[in-house]
Every structure is written in C-alpha cells, then in structure tokens.
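Structure first, commentary second.
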Amino acid sequence: MFLQVIDTGSQAGNSYALMADSGEIFLLDAGCRYKEILKAIDYRISDISGVLLTHEHQDHIKSFRDFMRNGVQCFGCDELAEYIERVYGEKIKGLAEKRQVQIGSFAVTPFYLPHTTKSKETGQIIPCPNFGYLVEHEEMGRLIYATDFEYLPFRFSSMRVQQWLIECNHMDWLIDRDSGKYAHVLQGHSSLSTVKEIIRVNRTPDMRNVILCHLSADGADPEIVQKEIQEIAGQWCNVAVAENNKIIHLSRFPF
C-alpha cells in the first residue's frame, strides 16, 4: 500500500489517498479541487470505497458533494453530518466516536480532536467538532490521521501504531503574536513541540512512517520540522513532510 498526497495546507486544501495493492482507494479528506483529486488517483472513482472527512472547514470538505453525486459515501462526526445537511442539503454518514466501522477493506475508529473556528455571528473563537481517525488495514497495519488539533487527547503506544499522518502546522517562535489569527493558530493547530511530544510518547519499534502534513507556509520550516521529528522518531522510522503529489510506501513490516 502507498499514500498519495494529493495536496496539503490551508491554501491548497487537504486530501490524501490510501492506495491498496488490490486497487481499492480510500480518501482522507476532500479539501482539494475535485479534478485535482481525480487526476491524482488516475480517475479511478469506481475504486474509491469511502471518504473520511475531519471537520467543516473548506480546506477539508471542498469536493465532498462531487464524490457523493458520483456514488461515493462520505463519513464524519455527527456534528459535521448535521452541518452539511443544514448548509448544503446533503447527507453524509455520521460516525460514533470510538466505534469501529468497516469501510471496504479498511477498519476505521474515529475519535474527537480539539479544534476551533470563528463564529460567523459573534466573530469569537469557538470549538469546532473535529474527528481524528485510526485506520487499520492488513497491508499497512495501523495508521493515525490527525489534523487541525491543539493537542492529542489519547495515547496509542499500546496499539503499536505503524503509520502516522499528522499535522505539524507551525513552530511556536515563528507565529506572529499580533496577527488576528494568533488565537486560532494556537488553539486550532498543532505545533512542532506538540508533535514532538506525541511522537515521543507513542514511539515503539513498530513505528514505520511519520508523515507531517498541513504545514503553515510562513509558520514552519520543512527542513527543521523534518529534522527535529526524525531525532525523536529514531533512525529506523521514515519521517517525511507531505507535499503535493508525494507518494509514500506504507508497510506494516520493516522490509
């Protein structure tokens, strides 16, 4: 199996494809342009078994309607399902937290992550319901997909997770404290220091890949981020920064 990074970041949008050896495709978020996603997967829409959506922001759900109109089921938390029905008149499938579901050949267990958004009524920063996902497949083992979060409220070391697709949005010292987005960045996105601690407490000999996604264009230096996470993950773990069209092999075995 391999991971196809379709694109990543607030400007380009976020979408990632898990491509199984069988030909099955499983999408994580759909925040890029529909045509861009189709091109990345060679237009094999009939091979997509589902789309996991994390939360309501456009850089994560932009193309969900296009997939639904073409018969691809989208999934998310109940709050996202209610939001999408209210705003778009569409019905995605709401998932229950910590309840495993089978989607194609992938087993999925969702869990809530703390995120924020700006209230359209008051302009205040308020909570934004956001799912992280534990995705399991015989080819890659276990994968954690966690994006747009302040901190990770759970430890997964006992599960010996092999793959991590995790947001590393900014380095604390590069964030403009005078920016109007300062509070949202701190409360709604993970910092390098946060991700270093997550990898430290969850590191096991089974860890194969740490893919760092959703880096801020002006708040994170990819080389520094990759280097500092590599030091925590260890020499036998592949640490990579997600980039447009990047392909990363995912295996549960070290060979």
Q. How high is the relative contact order of region 2-249, in percent, with contacts defined as C-alpha pairs under 8 Å that are six or more residues apart?
A. 17 percent
Q) Pick from Phe106, Phe75, Phe156: which residue has the top mean-square fluctuation in a GNM of the chain where Cα pairs under 10 Å get a spring? A) Phe156
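Give me Rg/Rg_expected for the chain, where Rg uses Cα atoms only and Rg_expected = 2.2 N^0.38 Å with N residues. Spell out each step's value before the answer.
Numbers: Rg = 17.1 Å, N = 255, 2.2 N^0.38 = 18.1 Å.
The chain yields a ratio of 0.94.
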**Q.** Value of [θ]222 nm, deg cm²/dmol, for the chain, DSSP H segments ≥ 4, -39500 (n - 2.57) each, nearest 500
**A.** -6000 deg cm²/dmol
Q | Hits among aspartates and glutamates - C-alpha to C-alpha of Lys35 under 13 Å, sequence gap 8 or more where chains match | A | Asp7, Asp66
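On alpha carbon coordinates alone, what is the Rg over Rh value for region 58-147, Rh being the Kirkwood radius?
Rg/Rh for region 58-147 comes to 0.99.
Only counting other Cβ atoms within 10 Å, I'd like Val87, Val210 sorted with the fewest neighbours first. Please report the intermediate quantities before stating the final value.
On the way: Val87 9, Val210 26.
Result, fewest neighbours first: Val87, Val210.
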Q | Test item: Cα-centred dipole of the chain, Lys/Arg +1 and Asp/Glu -1 on Cβ, debye | A | 360 debye
Q | Separation of alpha-carbon centers, region 210-247 and region 76-133, rounded to whole Å | A | 26 Å
Q.
Charges on Cβ only, +1 for Lys and Arg, -1 for Asp and Glu, centred on the Cα centroid of the chain; of Ser49, Ile198, Asn245, which one is farthest towards the dipole's positive end?
A. Ser49
Q. Which percent, nearest 5, of DSSP beta bridges in the chain are antiparallel?
A. 55 percent
**Q.** Amide H within-cut-off set for Gly50, under 5 Å, with H built and near neighbours excluded
**A.** Leu27
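Where a number appears in this text, it was derived from the coordinates with a stated rule and is not lab data. The structure presented is a predicted model; accordingly, all values stated were derived computationally and were not measured. No Cβ is skipped: glycine too gets one built from the backbone with ideal geometry, and neighbour counts run over all protein chains shown.
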